[in-house]
Amino acid sequence: MRRIPENAVTETAVLHQVLDAGLVAHLAVVDGGQPFVIPVAYARRGDTVVFHGSTGSRLFRALDAGAPTCLTVTLLDGLVLAHSAFESSMNYRSAVVIGTARRLSGDDELDALRTITEHLLPGRWDDSRPPSTPRSWRRP
C-alpha cells in the first residue's frame, strides 16, 4: 500500500475477520489481454478461500487454465460527509487475496459448496435438499 501506508493491516487474523464478515467477493482475471471482474459467492476455509461459479464461464475457464487472479472483499463501515465534496470519503475494510485457483473435485468440491452455503446462510445446508450428485461427487 503506497498511499497512507499506516492504514494497512497485515495480520492474518484481521484478514480472516474481513473475509468472514463479507458475503460477496469480486474475482478478477485477464483473458485475451482484457481484464474481467465478476462478483462471486465465497467463503474462507482455513487459510484458503473457496468460491463458486460456472465452469463454463470465461472467468472460470481462464482460472482453470492457470491464469493468476485477484479476489477482493470490501466492507463499507460508513460514509464520511464533509462540507467539501472533495473531502468526503468512506470508511471501509478490505481484503485482497492474490494467487492462482484450482478446480476442486469429489468430496472436496462438495465440502466447498457446504462451506460457502454455511458462510452465506448459517444452518442452510442442513435445512435444504442435498445437491444433485455430479459424477465428480460419486464414489466408485
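The values are calculated or read from the model by the stated rules, or taken from the named source; none is laboratory data. Source: prediction; values computed, not measured. Glycine also receives a Cβ, built like all others from the backbone with ideal geometry; neighbour counts cover every protein chain displayed.
Checking Ser57, Ser94, Ser105, Ser132 one by one, the residue that is in contact (Cβ under 8 Å) with a residue 40 or more places away in the chain and out of contact with any Pro (no Cβ under 6 Å at 6 or more places or on another chain) is Ser94 and no other. Just one of (1) in contact (Cβ under 8 Å) with a residue 24 or more places away in the chain; (2) hydrophobic (A, V, I, L, M, F, W, C); (3) over 30 Å from Val9 (Cβ atoms) fails for Ala41. It is (3).
Is it the case, given these coordinates, that Val14 is part of a helix (DSSP H, G or I), more than 11 Å from the chain's Cα centre (by Cα) and not aromatic (Phe, Trp, Tyr)? Show your work before the answer.
Numbers: part of a helix (DSSP H, G or I): yes; more than 11 Å from the chain's Cα centre (by Cα): yes; not aromatic (Phe, Trp, Tyr): yes.
Yes, satisfied.
Only one of Val30, Val18, Val80 is of a type in the set (A, V, I, L, M) and closer than 30 Å to Trp125 by Cα; which? When all the criteria are applied, what remains is Val18. Take Arg2 and decide whether it is within 25 Å of Trp125 (Cβ to Cβ) and among the basic types (Lys, Arg). Criteria not met by Arg2.
Do any helices (runs of 4 or more DSSP H) lying entirely in the stretch 42-140 carry at least 3 residues that are surrounded by 14 or more Cβ atoms within 10 Å (Cβ to Cβ) and within 14 Å of the chain's Cα centre (by Cα), and which ones are they?
Numbers: elements: 58-64, 106-120, 124-127.
Result: 58-64, 106-120.
Ser84 passes every criterion in (1) within 19 Å of Arg102 (Cβ to Cβ); (2) at pLDDT below 95; (3) not β-branched (Val, Ile, Thr) apart from (1). Cβ separations smaller than 8 Å between residues 6+ apart or across chains give the following pairs from the stretch 1-30 residues that are over 19 Å from Ile98 (Cβ atoms) and at pLDDT 95 or above to residues that are of a type in the set (A, V, I, L, M) and assigned to a helix (DSSP H, G or I): Leu23/Leu120.
Scanning the stretch 17-41 for residues that are part of a loop (DSSP other than H, G, I, E, B) and touching a Leu at 6+ places or on another chain (Cβ under 8 Å), which turns out surrounded by the fewest Cβ atoms within 10 Å (Cβ to Cβ)? Lay out the reasoning, then the answer.
Of the residues in the stretch 17-41, the ones part of a loop (DSSP other than H, G, I, E, B) are 22-23, 32-33.
Filter once more, so that each one left must be touching a Leu at 6+ places or on another chain (Cβ under 8 Å): 22-23.
Working: Gly22: 19, Leu23: 13.
Step by step, filter the stretch 17-41, then rank; the result is Leu23.
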